[in-house]
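The values are calculated or read from the model by the stated rules, or taken from the named source; none is laboratory data. Here the structure is a predicted model, which means the values were calculated and not measured. Cβ sites come from the backbone with ideal geometry, for glycine too, and all protein chains shown count toward neighbours. What goes into the accessible areas is simple: the full protein's heavy atoms, side chains included, and nothing from ligands, DNA or RNA. Shrake-Rupley method; radii C 1.70, N 1.55, O 1.52, S 1.80 Å.
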Amino acid sequence: MLESSRVVVVGAGVAGMSAARSLAAAGARVTLVEKGGRLGGMAADYACKGTDRCNKCNVCLVHELLRDVKSRPDIGIMTGCTVDGVAVLSSGGYVLKVGGRERHEVECSAVVLATGFEPFHASERPELGYGVHPAVVTALDLEKALRDGRGLGEKFGRSIGRVAFVQCVGSRDLQRGRGYCSRVCCMYSLRMARAVRHRNPSAEVTVFHMDFQGAGKDPGDLRRRAETEDGVRFVRARPSEVALAPDGRVVVWFEDMDGGTCRPAEFDLVVLAVGTGPGRDTRTLADMFGLGLDEFGFFAPADPGDEATTGVPGVFVAGTCRGPRDIAESVADGERAALAVLREEAARRAGQRIALSLSAGTWPGRRVLRGQPETIEVSSTVLVLGGTVEGMEAARTLSDLGCRTVIVGEETRPDGDSGATYTLLARVDEDSSIDVLAGGCLVRLDGQAGGFRATIEGPGGLVSEIGAGALIVATGYRREFPEAARGLAGRACVVGLSELGESGVPWAVGEEHRKGGGGRRAVIWVGVRPDTARAIFRQAISAALSALAAGWEVYVLCPEVAVAGTGDEVLYLEARRQGAVFVKYEEEPEVQAGSALRVLVRDPCLGAGGAAASATTDVSGLLAIDADVLVVAEEAYPPPDASELARVLRVNTGPLGFFQDDNVNLLPVLTNRRGIFTIGGCRGATGVADAMVDAHVAAYLAARLVGTGNLHVDWATARVDPDKCALCLTCVRTCPHRAADVDDEVRAARISRAACWGCGVCASECPGKAISLESCSDDEILASVAPAVTAFCCDHSALIAAEATMAVLPTDEAAGLNIVAVPCTGKVDIIHLLKAFERGAEAVMVAGCFDEGCHFLSGNRRARLRVGQAASLLKAVGIEPERVRFYHIGPDMSAAFLEAVQETMQVARELGPVMRRRAG
Amino acid sequence: MIVAERKSLDEILAMLQGCSRVLVVGCGTCVTVCMAGGEKEVGVLASLLRLAAQREGRTVEIGEATIERQCEWEFVDELAPAIRRYDAVLSMGCGAGVQTIAQRFGGVRVLPALNTKFIGIPEKQGMWVEMCLGCGDCVLDRTGGICPIARCSKGLLNGPCGGSQGGKCEVSKDTDCAWQLIYDRLASLGRLDLLETEFAPKDWSKNRDGGPRKVLREEVML
Ligand SMILES: Cc1cc2nc3c(=O)[nH]c(=O)nc-3n(C[C@H](O)[C@H](O)[C@H](O)COP(=O)(O)OP(=O)(O)OC[C@H]3O[C@@H](n4cnc5c(N)ncnc54)[C@H](O)[C@@H]3O)c2cc1C
Ligand code: SF4
Ligand code: SF4
Ligand code: SF4
Ligand code: SF4
Ligand code: SF4
């Protein structure tokens, strides 16, 4: 239905590109208007922060998006242009005046504003010396330096033995009207610290921070690695000044934690972790379109439940222009804005369901080889596992998009009840396209994307089979007291935070236990993991505020103040203003629960005698808080049956057991299997707002996949020759996407075209050579092997770097290099490596993604095994194993690629020709 | 299935000394599944033989072929048109395959590229373990479905021996004691009583006694 409508996306950062790609995939004609001279936004300048392993910075996603967007004929691109006027049409659409070198008028039915952010100008804090001391740089400068490759020291013209990161520059800074956390700086600094150490192993890195704001996939693990593997030191302080030292180094002055005295520390390089603010044009655009701004100047959502909408029909917002967020979140935001456009369009033509037309090869984050086009009939029913709020919201969204859904499972609500849940329940109940199978449990799943067959065991052992094109896993999470507080569960005067509910805190809980007279005192203990802290901390602050309002004295104990959510800093400051005492502990608090409740905790910031409130006594540097009630924030854990469910679904779980593959190339709601999505609590997203984003994005992606009942496949997939298949099951076991299974009729392996991602891993593992990947058969690969140093390059990483390298390579070197493109290094077969030598290669390199960062999850690991195998086989026939090499190359690492090529060529030169006689 | 493993390249190269035209023949059944001698391994070995020769400056002709099963006359026949062009055939089938080809083509040198190891299963992808010795007189009914002959290092019928420690065999910490497994399984089946009957000494005449074994079934013969 969008065929004739045009949507204009303003701003081509990650959010804008994602929205454009998604809208085009849904059949809209898209015009992407970008002010700058090139696409990509801020993140296009960033560096891959991979060390030996992927550090999950997501920068490679930008390169994927760039290629996807540029390769789509249905996205019109206008660079060097802005929107400088708008007229409303009587039809409800808009005419935008787009200005640049030339002026255009573009008629459209909807506008997505994705105009991004403006980094804080470090010179606005002159005391930090930016622009004055050459040793002080911003994180943006460091991004670019890392990007350029080569030595950082060289780049900055100094040794970089001691490096300091100063956090929260231009963030959490009320004085400058920036009373919010920029949400990305803690993580980018952590990753950059690792990258700096990787390139300069002798560097010592110190991070001056207030609190650690974890985000992305398993931030706790990354922090642990930074501390233990890289020796990164975290100092809790907000430096007040950076001064020049006589020796040309710089001195960071910071307030010591104990005692409040100012101490200096010398560094060779100081990196200012600048925050993100509203983009320059935000206000102008807000005025132009009549949109609201929040107190900091970001676009404000009209409906907190659907943040892509603005309250103005046909105008939507996505990405950092509506508040700080990282790349993955911005990409998801783009998808969500696209969904909002479609939904509004459907509402406008009331009664009609949205007709989605999926065009192929537009799967998020995936560039594809072309295969034989084919339209596969699929089931447009979507199965939602779990009656959580996010599950119900997904079902409702799918219903709007014209899909029938079946919700299987009990209705669960881990966060206590809220009005919204009931409204949602009612809407699910009355929706005729949503069926609910209460108490059902998935025990078996056959089939593939488009045609799953789910076996459900209902109450009383009743077994039924449901056919579904896609599945959304929304089974929620389990709340339990964190390890350190486990023993307190069930004690008098101790309650769980979730028991208090989101609003209307029943502070009477403490009331009954009051020991007559005096004030009432509550301790709220939030000792949760960094990945769940943001959502849980917010609940804790709300609870603190309602306790304060009820006249209580409140202590909040936590390892970090997690305020990366929108508006959280404001809430936190408000709680402090009203007298809540926040204690950031390093050692777990101790709770003595005799006849009275006493909580002992050491506050490293206050030190001895620093106890702020009257109610605390001071026992040898410890705060002793006699409390009437202790509220413990529960930690989120995967539900007990999560691992069994994951086995049935054949989806990967993350290190903590949630349905969240650790791989950065999978958008948060994607799993390793096409057609299976995971949302909300069961993937570790515990906040209601995050869970809603998930629900919308997953519903939209599911609808795009199967919503029309037809799936048009034109990407290259692997095919099995059943005559050659020995049914060894290697492909079934090794396919990272579980696209292979057994065809019982043919008695051979079968690969589903709908489910296959086209990595070619199965083809290079099959011992019967029964599998070949379309457009990339062995013959096609071998045809491009020439007698030169041969580099097999992954299409998603090294090949992008290689393309840039080849452009600058001296012609004699270029002549000696033969680049062979593969969709994934996992497609590189042991035979390709050997044949390359047979055909005269003097050395062979395989270059692909970082460990744990493979676009096909495990292809690069398989490739590394192949390279090791080739090395030992070559050795057995007298050929030096050093001639075959593996390199990790990120898409932006053309400098590293060049180094790898030169190193490989050097090895070949030193070893001399492979074939003795042939050379003579 | 039959599990095999490729011989070392040194051994293979030594066998092929003096041969300049070699046909490498894979088998599409057991050894494809155990990744020792399917079409892919044929490609790898052929490539290595060429590289080894090139490295020494020799010219060789290495042919590649993979047939459905090397232990069937009809499939082996497919080799007939080309086979005599070669100085030697390097079979990547199990021992049965090597011999079938040799028997079918008198006068052709047929060499084994694999060591045939055992009848077993892939315990997991990339790891195969022995399960059956082909003793000719199956006892699994009395041992809870766990073979003491193949899986007990000593092939004991009335185990375990004194070397069973914490469920492991004294031969190696990586080897489960078969008799511990048998005990545990019978216990879980509630059939420990089976252990009360002693095994009589095994009748090995059903195994290797009387030369190579034959199975003869007249009703299916032509
Ligand atoms: C130093 C630093 C390092 C970071 N590192 C990471 C990291 O490692 N990983 C991560 O996930 N995130 C990181 N981030 C966050 C990341 O930059 C953002 O998440 C991401 O760039 C947001 O994309 P966007 O599309 O919302 O905005 P932008 O990237 O700002 O893109 C907006 C686009 O809109 C264009 N535009 C603006 N106004 C107009 C107009 N009026 N008309 C037309 N076009 C317009 C701009 O030119 C720009 O191209 C980092 C941020 C900073 C400051
Ligand atoms: S591979 Fe991608 S996510 Fe991983 S470190 Fe590099 S750019 Fe970041
Ligand atoms: S890997 Fe090859 S031989 Fe094995 S089951 Fe798959 S297609 Fe068949
Ligand atoms: S391994 Fe890759 S190419 Fe093969 S079936 Fe799986 S997704 Fe497709
Ligand atoms: S020749 Fe050996 S490996 Fe091949 S099918 Fe027969 S028994 Fe199996
Ligand atoms: S007892 Fe003999 S025939 Fe039976 S399974 Fe064991 S080895 Fe095979």
Of the heavy-atom accessible surface of segment A:245-328 (probe 1.4 angstrom), what whole percent is carbon and sulfur? 51 percent
What FRET efficiency comes out for the pair residue A:483/residue A:807, r = Cβ-Cβ distance, R0 = 45 Å, nearest 0.05? 0.25
Just to verify a number: FRET efficiency for residue A:88 and residue A:294, C-beta to C-beta distance, R0 = 22 Å, to 0.05? 0.35
Around residue A:494, which amide H atoms from residues at least 5 apart in sequence, or from another chain, sit under 5 Å from its own amide H, with H modelled in the peptide plane? A:630
State the percentage of accessible surface on segment B:133-206 attributable to carbon and sulfur atoms; use a 1.4 Å probe and exclude ligands, DNA and RNA. 51 percent
With the full set of protein chains present, the residues of segment A:809-845 whose 1.4 Å probe accessible area falls by 50 Å² or more relative to the chain alone are A:831, A:834, A:838
Under the definition of partner shielding as Cβ atoms of other protein chains within 10 Å of a residue Cβ, what is the mean value for peptide A:664-675? 0
For the protein assembly as shown, with only Lys/Arg (+1) and Asp/Glu (-1) charged at the beta-carbon, what is the dipole magnitude about the Cα centre, in debye rounded to 20? 2420 debye
Cα gyration tensor of segment A:859-920, axes a ≥ b ≥ c as square roots of the eigenvalues: rounded (a/c below 1.5), prolate (a/b > b/c) or oblate? oblate
Semi-axis lengths, Å, segment B:164-222, gyration tensor of Cα atoms, sqrt of 5 times eigenvalues: 34, 18, 13
For residue A:123 and residue A:714, compute 0.36 nm times the residue count separating them, minus their Cα-Cα distance, and round to one decimal in nm. 207.6 nm
For a quick check of your reading of the filter: which GluC sites (Glu not before Pro) in segment A:38-122 sit in a DSSP loop and have no more than 12 other Cβ atoms within 10 Å? A:102
One would report the antiparallel percent of DSSP beta bridges in the protein assembly as shown, rounded to the nearest 5, as 45 percent
Per-residue average of Cβ from other chains inside 10 Å of A:764-772: 5
How big is the Kirkwood radius of segment B:97-222, worked out from every pair of different alpha carbons and given in Å to one decimal? 17.5 Å
Treat every Asp and Glu Cβ in segment A:119-276 as -1 and every Lys and Arg Cβ as +1, leave all other atoms uncharged, and give the resulting dipole magnitude about the Cα centre to the nearest 20 debye. 500 debye
Å² of accessible area per residue within the protein assembly as shown, as computed with a 1.4 Å probe and no ligands counted: 39 Å²
Using just the alpha carbons, could you tell me how many Å³ per residue the convex hull of segment A:703-810 encloses? 142 Å³
Long pairs among A:49/A:144; A:835/B:40; B:7/B:40; B:117/B:206; A:35/A:97; B:7/B:173, criterion Cα-Cα beyond 18 Å: B:117/B:206; B:7/B:173
Whole-percent carbon and sulfur share, accessible surface of segment A:669-802, 1.4 Å: 49 percent
Mind grabbing the accessible area of residue A:202 for me, 1.4 Å probe, Å², rounded to tens? 100 Å²
Take every residue in peptide B:45-55, count the Cβ atoms of other chains within 10 Å of its Cβ, and give the average of those counts. 6
Please give the calculated 222 nm ellipticity per residue for chain A, where each DSSP H segment of at least 4 residues contributes -39500 (n - 2.57) and the sum is spread over every residue; nearest 500 deg cm²/dmol? -8500 deg cm²/dmol
Expected-Rg normalisation [2.2 N^0.38 Å, Cα atoms] applied to chain A: 0.97
Near the amide H of residue A:436, under 5 Å away, which other amide H atoms are found, from residues 5 or more places off or on another chain, if H is placed in the peptide plane? A:407
For residue A:887, list long-range residues whose amide hydrogen, built 1.01 Å from N in the peptide plane, is under 5 Å from its own amide hydrogen. A:846, A:847, A:848
Hey, rough spin-label estimate for residue B:138 and residue B:58, points 7 angstrom out along Cα→Cβ, what's it come to in nanometres? 4.6 nm
Just check chain B against the gyration tensor rule for me: Cα atoms, a ≥ b ≥ c as the square roots of the eigenvalues, rounded for a/c under 1.5, and otherwise prolate or oblate depending on whether a/b exceeds b/c. prolate
Where does segment B:42-138 land on Rg(C-alpha)/(2.2 N^0.38 Å)? 1.29
For segment A:119-276, what is the convex hull (Cα atoms) projected area averaged across all directions, in square nanometres? 9.1 nm²
Treat each spin label as a single point 7 Å out from the Cα along the C-beta direction, and report the residue B:196 to residue A:347 distance in nm. 7.8 nm
Work from the charge dipole of chain A (Cβ charges, +1 for Lys and Arg, -1 for Asp and Glu, about the Cα centre) and give the residue of A:248, A:391, A:823 farthest towards its positive end. A:823
Can you pull the accessible area of residue A:97 for me, 1.4 Å probe, Å² to the nearest 10? 80 Å²
Residue (of A:323, A:133, B:32) at the positive-pole extreme of the protein assembly as shown, dipole from beta-carbon charges: B:32
Rg from C-alpha atoms of segment A:814-920, normalised by the globular rule of thumb 2.2 N^0.38 Å, equals 1.06
Shape verdict for segment B:62-111, please, from the Cα gyration tensor: rounded (a/c under 1.5), prolate (a/b greater than b/c) or oblate. rounded
Say the dipole of the protein assembly as shown comes from +1 at the beta carbon of Lys and Arg and -1 at that of Asp and Glu; which of B:138, B:108, A:39 then lies farthest toward its positive end? B:108
With a 1.4 Å probe and ligands and nucleic acids left out, the total accessible area lost when A pairs with B, in Å² to the nearest 100, equals 2400 Å²
Do any residues of segment A:721-748 show a loss of at least 40 square angstrom of accessible area between the isolated chain and the full protein assembly, using a 1.4 Å probe, and if so which? A:726, A:733
Mean shadow area of segment B:133-206 over all directions, Cα convex hull, nm²: 5.0 nm²
For segment A:98-110, in order, what is each residue's ³J(HN,Hα) by Karplus, 6.51 cos²θ - 1.76 cosθ + 1.60 with θ = phi - 60°, in whole Hz (x at glycine and Pro)? 10, x, x, 4, 10, 10, 10, 10, 10, 8, 8, 9, 8
Could you give the size of the charge dipole of segment B:2-117 about its Cα centre, using +1 on the Cβ of each K and R and -1 on the Cβ of each D and E, expressed in debye and rounded to the nearest 20? 280 debye
